[in-house]
Amino acid sequence: MTFPHSPFQIGSIIIDPPLIMAPLHEITDQPFRRMIREVGGVGLTVSEMISSEALVRHARKAERMMASEGERPYAMQLAGSDPEHLAQCAVMCESAGADMVDLNMGCPASNVTKGGSGSALLRDIRLAERCVKTMVKAVKIPVTVKMRAGWDANQKEREGYRDFLKMFAEAGIQGLAIHPRTRAQQYEGHADWNLIAQAVEAGMPFPIIGNGDVVGAEDAYRMVRETGCQGVMIGRGALYNPFLFRQILEPTLVVTAAMRIDITLRYFRMLLELLEEREALHKIKKIGAWFTKGIPGGAHFRQRLNERNDPQELIREIEALRESTH
Ligand SMILES: Cc1cc2nc3c(=O)[nH]c(=O)nc-3n(C[C@H](O)[C@H](O)[C@H](O)COP(=O)(O)O)c2cc1C
């Protein structure tokens with residue numbers, strides 16, 4: 001079975017291949033996205049969610065999250081619930097060079113939902129509508145949304161989901177990514193791909209991007225076959241296997257231990273280049289270590305990685321693991 005490699009468009013932006021690296025808070029920063037791009041197979045990358053309230057205050061951390069270089073097409077994602085602030089921030093994203101700006105209507109974390117943002121917007125369709133409409137009016141670049149299936153099963157069953165689809169079409173968004181779990185589900189159970197299929201069948205005037213539980217190439221084929229979605233967005237699957245996008249496009253690609261160790265080292269060098277040393281060390285231990293899961297000697301390596309705090313020693317540890325694969 002092969003992946004139907006059909007590019008699609010968000011506004012005038014061509015997404016080719018139709019595979020998207022999902023936004024992951026504190027993970028898909030600039031070094032991670034650069035690493036994923038270098039591995040290949042990705043048609044669109046998205047920033048981590050950036051708080052519009054932090055951005056209007058010019059908080060340094062939020063401004064740094066906007067950074068990108070040579071990454072096209074690239075979407076910036078905002079999380080917020082104040083329509084005017086979101087519109088201001090959408091303009092900031094446009095000025096900073098984003099190809100599109102996305103509104104987060106999925107984050108289940110209570111520190112985000114208690115302010116009415118993320119998936120909490122799914123509880124207030126009129127506010128969600130104002131947020132989207134002011135953003136669409138403020139910028140020339142496409143505005144997209146990433147949503148969950150609803151706040152809880154009750155809302156999903158009450159047709160709330162369909163009401164949102166209708167509202168998005170009227171508000172003028174140009175792309176919709178659907179992670180079909182409710183907020184109440186968090187990350188439990190299965191993503192209900194039927195809801196992605198329903199959105200496709202409803203004939204929305206924008207492309208539908210399916211998301212949720214794609215961890216292998218077969219899942220991506222199945223998602224397209226079963227739902228008809230135009231794009232596939234992958235989060236956690238690409239964390240454990242950054243080569244997943246390429247494997248979807250090249251089913252014969254064999255990912256060796258050496259390839260995985262090389263990408264760990266490459267990622268660490270990018271972290272050191274783009275972040276402060278302390279942050280780079282934290283991220284290689286937290287994220288880079290996942291790339292070595294399942295490699296002979298990997299568990300011992302990860303233990304040693306955690307004990308090191310000098311970048312050169314860490315590089316030597318990675319090189320030693322690489323040597324051991326010969
Ligand atoms: C650690 C983590 C951080 C996430 N951060 C974001 C985020 O910043 N914005 C967002 O829209 N979704 C975020 N998500 C949700 C993912 O983008 C995605 O919708 C979800 O993980 C389901 O896709 P998957 O099964 O391919 O991982 C996050 C998920 C995880 C696990």
- prompt: Would you pick out the residues in the stretch 167-188 that are surrounded by 18 or more Cβ atoms within 10 Å (Cβ to Cβ), of a type outside the set (Gly, Ala, Ser) and either within 25 Å of residue 250 (Cα to Cα) or near the ligand (Cβ under 10 Å from one of its atoms) (or both)?
  reply: 178, 179, 180, 181
statement: Per the list (1) under 21 Å from residue 32 (Cβ atoms); (2) surrounded by fewer than 21 Cβ atoms within 10 Å (Cβ to Cβ), residue check on residue 244 breaks on (2)
task: Read through the list (1) at pLDDT below 95; (2) under 23 Å from the mean Cα position of the chain (by Cα), then give the number of the only condition that residue 158 fails.
output: (2)
task: Inspect the stretch 237-249 for any residue being over 20 Å from the mean Cα position of the chain (by Cα) and more than 16 Å from the ligand (Cβ to nearest atom) and give the result as yes or no.
output: no
- prompt: For the stretch 1-16, does any single residue satisfy the condition of being aromatic (Phe, Trp, Tyr), within 14 Å of the ligand (Cβ to nearest atom) and in contact (Cβ under 8 Å) with a residue 60 or more places away in the chain?
  reply: no
statement: Residue hits (the stretch 110-127; in contact (Cβ under 8 Å) with a residue 12 or more places away in the chain and either more than 17 Å from residue 171 (Cα to Cα) or surrounded by 24 or more Cβ atoms within 10 Å (Cβ to Cβ) (or both)) are 112, 113, 115, 116, 117, 118, 119, 120, 121, 122, 123
message: Please count how many residues of the stretch 54-80 are within 12 Å of residue 93 (Cα to Cα), under 18 Å from the mean Cα position of the chain (by Cα) and crowded, with 24+ Cβ neighbours inside 10 Å.
response: 4
message: Testing residue 255 on (1) within 11 Å of the ligand (Cβ to nearest atom); (2) closer than 30 Å to residue 325 by Cα; (3) without any contact (Cβ under 8 Å) to a residue 40 or more places away in the chain; (4) not charged (D, E, K, R), one condition comes back false. Which one is that?
response: (1)
task: Report whether or not residue 258 is more than 18 Å from residue 191 (Cβ to Cβ), in a helix (DSSP H, G or I) and either in the same structural domain as residue 24 (by TED's automatic domain parsing) or not basic (Lys, Arg) (or both).
output: yes
- request: Given the conditions (1) surrounded by fewer than 19 Cβ atoms within 10 Å (Cβ to Cβ); (2) within 13 Å of the ligand (Cβ to nearest atom), report the number of the one that residue 51 does not fulfil.
  value: (1)
field: Positions within the stretch 189-214 being surrounded by fewer than 16 Cβ atoms within 10 Å (Cβ to Cβ) and either closer than 23 Å to residue 2 by Cα or away from the ligand (no atom under 12 Å from the Cβ) (or both), in sequence order
entry: 194, 201, 202, 203, 205
task: Could you grab the pairs with beta carbons closer than 9 Å, sequence gap of 6+ or different chains, first residue in the stretch 136-160 and acidic (Asp, Glu), second one surrounded by fewer than 19 Cβ atoms within 10 Å (Cβ to Cβ)?
output: 152/184
task: Six or more apart or on different chains, Cβ under 7 Å: which pairs go from a residue in the stretch 21-38 that's under 16 Å from residue 243 (Cα atoms) and within 13 Å of the ligand (Cβ to nearest atom) to one that's assigned to a loop (DSSP other than H, G, I, E, B) and modelled with pLDDT of 95 or more? Could you list them?
output: 21/28; 21/42; 22/235
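The values are calculated or read from the model by the stated rules, or taken from the named source; none is laboratory data. Since the model is a prediction, treat every value here as computed from it, not as a measurement. Cβ sites come from the backbone with ideal geometry, for glycine too, and all protein chains shown count toward neighbours.
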